[in-house]
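So the structure is just underneath, and the comments pick up after that.
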Amino acid sequence: MADITGDQRIQSEVLEGLATAVNHRRWFVELAVPYLGDNPIEIGSGLGDYALEWSEHLPRFTATEADPDRLVLLKERLAGHPTVEVRQMLLPQSDRGDYSAAVSYNVLEHIEDHVGALRSMRDLVRPGGAVVIIVPAFQFAMSPADIATGHVRRYTKKTLAAAMTEAGLTVEKIHYANALGLIGYFMATKVFRLMPKEGPMVKIYDTLVLPATKAAEQKLRPPFGQSVFAVARVPS
């Protein structure tokens with residue numbers, strides 16, 4: 001059976017800190033919305049920040065979490081949202097479903113058997129539906145913060161596409177996102193060995209730098225970024 005990786009306390013602290021990066025989250029929410037359909041499932045909802053944003057656009061939404069303690073908090077936070085279902089789920093697993101899409105942000109890098117996890121997502125989605133993924137980019141940026149939060153790898157476009165293809169998915173779109181974020185993350189976590197938590201630098205970047213980065217990348221895709229964004233289809 002799969003294990004939950006990383007220090008869960010540190011993971012929760014990082015999630016709480018990054019929840020203040022509102023512009024960053026809304027950008028990444030927007031990237032996925034065109035592919036989610038009417039009844040998607042999110043794999044690894046954490047504290048529910050993305051689930052709350054996506055559920056505003058959709059008639060039904062399913063949020064999932066592997067960690068039992070975070071699952072309790074997630075259920076409490078989403079209790080007042082009748083169109084949102086909350087489930088415990090740890091991938092890989094063998095359930096099948098008929099969801100319109102599976103979306104998973106910054107989760108796959110925690111899973112040793114990432115191809116098995118992608119197969120599980122494929123099996124949860126109806127034929128023709130999408131699997132939408134964001135993962136951290138570039139192994140050279142692997143830092144003490146990555147290790148503490150349970151990351152077992154970082155990705156390039158090539159390695160993520162290869163894993164999705166091996167899982168039986170057809171890659172439709174893949175690109176890097178947040179180029180300046182990679183530079184900032186590398187300096188903060190690799191050079192200065194800081195944790196990516198709430199603080200003045202996060203707020204300054206999210207308020208001043210992120211909007212310009214988003215606007216630029218909507219016109220020209222960068223050759224690198226802090227994240228890899230990918231959309232793949234379940235074969236019909």
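The values are calculated or read from the model by the stated rules, or taken from the named source; none is laboratory data. These numbers come from a predicted model, not from an experiment. As a convention, Cβ positions derive from the backbone with ideal geometry for all residues, glycine included, and neighbour counts pool all protein chains shown.
Observations on the model:
- Some residue of the stretch 217-231 being part of a helix (DSSP H, G or I) and out of contact with any strand residue (DSSP E or B) (no Cβ under 8 Å at 6 or more places or on another chain): yes
- Residue in the stretch 84-109 that is surrounded by the fewest Cβ atoms within 10 Å (Cβ to Cβ), counting only those that are acidic (Asp, Glu) and in contact with a Lys or Arg (Cβ under 9 Å, 6 or more places away or on another chain): Asp98
- For Met187: the one exception among (1) of a type outside the set (Phe, Trp, Tyr); (2) at pLDDT below 95; (3) touching a helix residue (DSSP H, G or I) at 6+ places or on another chain (Cβ under 9 Å): (3)
Residue-by-condition table, conditions (1) farther than 25 Å from Ile174 by Cβ; (2) in a loop (DSSP other than H, G, I, E, B); (3) touching a strand residue (DSSP E or B) at 6+ places or on another chain (Cβ under 9 Å):
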position: Tyr50; (1), (2), (3): no, no, yes
position: Glu53; (1), (2), (3): no, no, no
position: Pro59; (1), (2), (3): yes, yes, no
position: Leu71; (1), (2), (3): yes, no, yes
position: Leu74; (1), (2), (3): yes, no, yes
position: Glu85; (1), (2), (3): yes, no, yes
position: Ser104; (1), (2), (3): no, no, yes
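- Just one of the listed residues (Lys158, Lys197, Lys214) is surrounded by 13 or more Cβ atoms within 10 Å (Cβ to Cβ) and either at pLDDT below 95 or under 28 Å from Ala117 (Cα atoms) (or both), namely Lys197.
- Among residues of the stretch 110-152, those that are touching a strand residue (DSSP E or B) at 6+ places or on another chain (Cβ under 9 Å) and at positive phi, counted: 2
- Check on Ala130, farther than 26 Å from Met89 by Cα and either in contact with a Pro (Cβ under 6 Å, 6 or more places away or on another chain) or not polar (S, T, N, Q) (or both): no
- Annotation: His81 fulfils all but one of (1) more than 26 Å from Gly128 (Cα to Cα); (2) assigned to a helix (DSSP H, G or I); the unmet one is (2).
- The helices (runs of 4 or more DSSP H) found entirely in the stretch 107-184 that carry 1 or more residues being under 25 Å from Val33 (Cβ atoms) and either in contact with a helix residue (DSSP H, G or I) (Cβ under 7 Å, 6 or more places away or on another chain) or aromatic (Phe, Trp, Tyr) (or both) are 114-124, 157-166.
- Contacts under 8 angstrom Cβ, first residue in the stretch 25-54 being at positive phi, partner buried (at least 23 other Cβ atoms within 10 Å of the Cβ) and among the acidic types (Asp, Glu), 6 or more apart: Gly44/Glu65; Gly46/Glu65
- Only one of the listed residues (Tyr99, Tyr50) is under 14 Å from the mean Cα position of the chain (by Cα) and of a type outside the set (A, V, I, L, M, F, W, C). That residue is Tyr50.
- Of the criteria (1) crowded, with 24+ Cβ neighbours inside 10 Å; (2) over 12 Å from the mean Cα position of the chain (by Cα), which one Phe140 fails: (1)
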